[in-house]
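In what follows, a structure is listed as structure tokens, so that the remarks can point back to it.
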Amino acid sequence: MIEISNIYKRFGDLEVLRDVSLSVGRGEIVAIVGPSGAGKTTLLQIAGSLDTPDSGSVTYDGQDITSMKEKALAAFRNRNIGFIFQFHELLPEFSARENVAIPAMIAGDSRKVALRKADELLEMLGLTDRLHHRPAELSGGENQRVAIARALVNNPRIVLADEPTGSLDSRNREEIHAIISDLCERRGHTFLIVTHDSSLASIAHRVVEMSDGQIVGISSPRISSPDAINT
């Protein structure tokens, strides 16, 4: 589904990514691991169109997003890519359901439709009694579940997650692991995850190890999904 091909990226004199290529198949969980400074987050940002490579390409089902103009790229990102961050990045002045609904309204849904989608996702994630709570009134694990719902509201082709359990305690980490695994197995969602959490990496179909801006190894903790593309 996604082809990341021959990516190079520099920041000044620092070469952050060097000839990186990776494929991600539908319904696959791919975890990217490695030491700090390995280029993991930069690769994730390029895959999600939040940054541009110096050379190379990123294609979604054959559509090259690296050549798209900014307005078209923003619309593509909103409809096709969900994001989960280490710190949930929810808007503090809005309720849980409003935070989840915002990307749907940006995509063109009416407020009524967007809120209905938000309610359905939050119910699925066990937050029916937290719909009207603001982020400050929720626990860390609850906020991250809201962030997952927000990432899913437009039914994206892929969810990109940057250290999604990095700020959580062990109980909440395990809860998020189970949610991600269930979303993949039952709903067919695709995840590309940057993580230092070995237990989160263990639920992935493939673990991609990076060092010094390159992929240095790929392993398979469990059997890959049927549509996964092995690289």
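Before moving on, here are some points about what is shown:
- Listed residues 43, 87, 101: farthest to the positive end of the dipole of the stretch 40-116 (Cβ charges): 101
- Using distinct alpha-carbon pairs, which all enter the 1/r mean, Kirkwood radius of the stretch 148-188 in Å: 11.1
- Relative contact order for the chain: 31 percent, from Cα pairs under 8 Å spaced at least 6 residues apart, divided by residue count.
- The P(r) of the stretch 95-147 has a tail past 18 Å containing 23 percent of all C-alpha pairs.
- Applying 1/(1 + (r/R0)^6) with r as the Cβ-Cβ distance of residue 68 and residue 155 and R0 = 22 angstrom yields a FRET efficiency of 0.60.
- Helix 170-187 and the longest principal axis of the C-alpha atoms of the chain enclose an angle of approximately 80°.
- Per-residue accessible area (protein heavy atoms, 1.4 Å probe) orders 119, 54 as 54, 119, starting from the largest.
- Rotationally averaged projected area of the chain (alpha carbon convex hull; nm²): 12.3
- Heavy-atom accessible area order for 157, 26, 18, largest first, 1.4 Å probe: 26, 18, 157
- Relative contact order (percent, whole number), the stretch 11-105, Cα cutoff 8 Å, 6+ residue spacing: 16
- Comparing mean-square fluctuations of 134, 187, 116 from a GNM of the chain with C-alpha springs under 10 Å, the top value falls on 187.
- Largest to smallest accessible area among 61, 51 [probe 1.4 Å]: 61, 51
- Distance from the stretch 117-175 to the stretch 90-116 (C-alpha centre basis), Å: 14
- Degrees separating the helix 111-124 axis from the principal Cα axis of the chain, which is the longest one: 80
- Percent accessible area from carbon and sulfur atoms, the chain, protein chains only, probe 1.4 Å: 48
- Solvent exposure of the chain amounts to 46 Å² per residue of accessible area, where only protein heavy atoms count and the probe is 1.4 Å.
- Relative contact order (%) - criterion: Cα under 8 Å, at least six apart; region: the stretch 130-231: 21
- Among the protein heavy atoms, those of residue 89 account for about 110 Å² of accessible surface (1.4 Å probe, every chain in place).
- A simple rule links phi to the HN-Hα coupling: the Karplus curve 6.51 cos²θ - 1.76 cosθ + 1.60 with θ = phi - 60°, which for the stretch 203-214 gives 8, 6, 6, 9, 10, 9, 9, 10, 7, 6, x, 9 Hz, with x for Gly and Pro.
- Measuring with a 1.4 angstrom probe and ignoring ligands and nucleic acids, residue 41 comes out at about 50 Å² accessible.
- Taken about its Cα centre, the chain carries a charge dipole of about 600 debye when Lys and Arg each add +1 at the Cβ and Asp and Glu each add -1 at the Cβ.
- Helical content alone sets the calculated 222 nm signal of the chain at -10500 deg cm²/dmol, taking -39,500 (n - 2.57) per DSSP H segment of four or more residues and averaging over every residue.
- Residues whose amide H comes within less than 5 Å of that of residue 84, counting only those at least five positions distant or on another chain, are 160, 161, 162 (H built at 1.01 Å from N in the peptide plane).
- Farthest toward positive dipole pole in the chain [+1 Lys/Arg, -1 Asp/Glu at C-beta], among 118, 2, 57: 118
- Selection from 216, 196, 180, by position along the positive dipole direction of the stretch 129-231 (Cβ): 180
- Label-to-label distance, nm, for residues given as residue 55 and residue 93 (7 Å Cα→Cβ offset): 4.6
The values are calculated or read from the model by the stated rules, or taken from the named source; none is laboratory data. Since the model is a prediction, treat every value here as computed from it, not as a measurement. Here the Cβ is made from the backbone with ideal geometry for all residues, glycine too, and neighbour counts use every protein chain on show. Side chains included, ligands, DNA and RNA excluded: accessible areas come from the protein's heavy atoms. Shrake-Rupley method; radii C 1.70, N 1.55, O 1.52, S 1.80 Å.
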